[in-house]
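Here's the structure we're looking at; comments come further down.
Values in this text are rule-based calculations from the coordinates and carry no lab data. Predicted, not measured: the structure shown is a model, and the values here were computed from it. Every residue, glycine among them, receives a Cβ derived from its backbone with ideal geometry; neighbour counts consider all protein chains shown.
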Amino acid sequence: MRSLGIAVAAASLALSGCATTGRISSDFDAAQSFSEYRTFAWAGERPMVVLGARVVPAPVQVQIENSIRADLIAKGYSYTDNLQEADFAVSFTVGTRDGTETMEVPDYFWNERARWGWGNVYWPRLPTIPRTTTQVREYTEGTLSVDIYDVARRSPVWHGKGQRNLTRAELRGDTNTAGEDVKLILAKFPPN
């Protein structure tokens with residue numbers, strides 16, 4: 001019995017980890033040879049583009065920039081401030097979308113109360129009336145995209161995107177998990 005409880009706890013932890021990870025996807029130009037890349041720079045003075053009505057806190061922007069730079073340096077690329085000297089340029093996009101999820105859930109309290117009786121067979125029983133309760137959950141889905149451009153060709157060659165639901169603390173800027181998200185997205189770069 002105890003091993004069953006441990007297995008259930010492990011399965012729920014694994015599923016909760018999947019829920020916070022979100023969806024990661026990437027796409028790239030198959031004709032591009034990524035093995036020639038050695039140096040990178042930001043695509044412009046402001047490498048971040050914001051989509052949506054939310055304001056991205058400045059510390060979050062700085063952490064995303066630092067995480068992208070550190071992850072690419074850890075992969076063996078060199079950072080330069082001069083875009084003309086770089087082999088590829090990097091930019092990123094941050095966006096949010098508010099959504100609402102509606103669920104119909106059985107109201108077990110009402111259903112069981114309708115079946116309750118005094119224990120005497122002569123008392124008439126009420127028919128069971130199935131009732132449901134509507135639960136509404138509001139959420140904010142965040143998207144972080146990283147784009148890589150070939151400087152010589154002036155064209156996009158790689159795009160990575162991560163989407164997941166954000167917590168209230170992340171929306172306020174109290175906690176910052178952007179570094180972990182950047183690692184997950186850039187794990188697929190370079191593609192070959």
query = Using 7 Å Cα-to-Cβ label points, what is the T96/A70 separation (nm, one decimal)?
reply = 2.4 nm
ask   = Given the Cα-Cα distance of E45 and L171 and 0.36 nm per residue of separation, how much length would full extension add, in nm?
value = 42.9 nm
query = For I24 and E104, what is the calculated FRET efficiency with R₀ set at 30 Å and r taken between the beta-carbons, to the nearest 0.05?
reply = 0.45
query = So between R38 and A58, what do we pick up on full extension, going 0.36 nm a residue minus the alpha carbon distance?
reply = 4.3 nm
request  = Calculate, for D81 and T140, the FRET efficiency according to 1/(1 + (r/R0)^6) with r their C-beta to C-beta distance and R0 35 Å; round to the nearest 0.05.
outcome  = 0.55
inquiry  = Need one number for region 151-192: average projected area of the convex hull over its C-alpha atoms, nm².
reply    = 4.2 nm²
